[in-house]
Each structure stands twice: as structure tokens, then as C-alpha cells.
Amino acid sequence: MKKLLLFDVDGTLLTTDGAAGRAFESALIDVYGTAGPIGEVSFAGKTDPQIAYELLEGAGIPRPTVKAMLTDLWDRYLKHLDDELVSTVVRVFPGVAECLNHIEARSDQAVLGLLTGNIEHGAQRKLDASGLGFSRFRVGAFGSDSENRNELPAIGAARAEAITGMRYEREAVVIVGDTPADITCGEAIGARTVAVATGVYSRRQLEECGPDFLFDSLADTASVWDAMMR
Ligand SMILES: [Mg+2]
């Protein structure tokens, strides 16, 4: 059975060490005049539109008003992100490059993809700046596709089917991520879940969410591959 491997980005493959958060904050202020309670809200595991609604509704801006200007927000965000990434070294976590190379070399067994709360072009900027590269991922489901992360696995599976001509049943889909929200979204379609404790959540916090597999990092390529292919 060919597998569809859908990787989260921030906290799983890489970190921008706050650069993306700063770009998001600047864009919110440009477009809405406020970034709301940004110091009190965690971005981890959330989609970009979900974060925008949470912060702006927290500042008393009604949802329809937020929604009406989201396109402007993403334009400003990408501009600020480009500026931030000029002076930011995007850190790739241990073993990630090797893990992705390993998967690509076995494209007869697995399709390499993304499932991330980032808007698509945000994911592209981060992955290209990191040196990992965006275009190597054959499919993706993004925050720009749905505010609700739980809807993203099905979107990723449908795109993979359109590209490869093969159906990916639930047991063929593997979600790899660093937050409880990654595990939950995988469970939403009965996918296999692989949690990795390179983000803000500890191994213990992730363990409580019951992922199928749990790693400290993606450094042990052989073990990670075995888990994904089970
Ligand atoms: Mg993440």
C-alpha cells in the first residue's frame, strides 16, 4: 500500500524563531490597526486564519469584518515575511533533511506532502528559506484551504489522488506534526499519526494525546520511516 505522508511545517520541520510571528503581527497592525492579545495567544497547531480570527475577535473586531480583509492581511504578511526572512536563519530540525531525502528516494512507496496551518505561500517562503525546498512536496493542504485543521487531511488526500491517480484510504494517510492539533486532525479521518517533540509541546504532553508513534525528533531516519510505513 502506497502511503501519503503529510508533514506539518513549524515545530516539525523547521522554526523561524519568531520571525513569522513578527511578520504576522506587523501585517495585523497594517490592515486592522491592532494585533489583539498577541502576547497571550499561542500559534502552535493553529491555522493562519484561525489565529487571525482569534486575535482580532479578541480585539473586538467582528468576524465578517475580519473576513472581508483577509486577502489584504495575507498580502501584507507575505511582504513582511519576505523582509524578516532576509535576516533570519530558518532552523531545520535534526534529521529532517535526511528524512525527506529518504522518502523521496522511495517515491514508489510513499508520496511526500504537507499539511500545515500556514497559508500556502507562507509555507513556500519558509521552506525555501530553510533550504529544504517547497516544490519537492508533491501535495499540500494549507491554512489557506480551510481555517479548520481537521478538514485538511481530506483535502490533502483528494489532491494526492488527483495527482497520482491512486486513492489513499485512511490507513494509508500519515500525519506528522508537533502539536495535539496535528494528532487530532489525523484522528479526524482515521489517519496514522506520528508526533514529534521538536516544537513547544513536550513528549509527555504529546503522549497524553495518544499518537500512534512519538519521537523526540526525526533524527532516527530508519525508525521514523518504519513507523510511517507500518
Ligand atoms: Mg507545528
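List of remarks:
- Restricting segment 43-60 to residues that are surrounded by fewer than 19 Cβ atoms within 10 Å (Cβ to Cβ) and farther than 22 Å from Asp8 by Cα leaves a set whose member that is farthest from the ligand (Cβ to nearest atom) is Gly60.
- Any hit, segment 69-87, residues being within 27 Å of Pro153 (Cα to Cα), within 16 Å of the ligand (Cβ to nearest atom), in contact with a Phe, Trp or Tyr (Cβ under 8 Å, 6 or more places away or on another chain) and outside the structural domain of Ile163 (by TED's automatic domain parsing): no
- Test: Leu6 is within 16 Å of the ligand (Cβ to nearest atom) and either among the hydrophobic types (A, V, I, L, M, F, W, C) or at pLDDT 95 or above (or both): yes
- For beta carbons closer than 7 Å, sequence separation of 6+ or different chains, a first residue in segment 160-180 that is more than 20 Å from Arg230 (Cα to Cα) and of a type in the set (Val, Ile, Thr) and a second that is within 16 Å of the ligand (Cβ to nearest atom) and in a loop (DSSP other than H, G, I, E, B), the qualifying pairs are Thr179/Gly11; Thr179/Ala44; Thr179/Gly45; Thr179/Gly199; Thr179/Tyr201.
- The single condition among (1) within 16 Å of the ligand (Cβ to nearest atom); (2) more than 17 Å from the chain's Cα centre (by Cα); (3) of a type in the set (Lys, Arg) that Arg149 does not satisfy is (2).
- Verdict on Leu112 being within 16 Å of the ligand (Cβ to nearest atom) and outside the structural domain of Ile51 (by TED's automatic domain parsing): no
The values are calculated or read from the model by the stated rules, or taken from the named source; none is laboratory data. What you are looking at is a predicted structure, and each value in this text was computed from that prediction instead of being measured. No Cβ is skipped: glycine too gets one built from the backbone with ideal geometry, and neighbour counts run over all protein chains shown.
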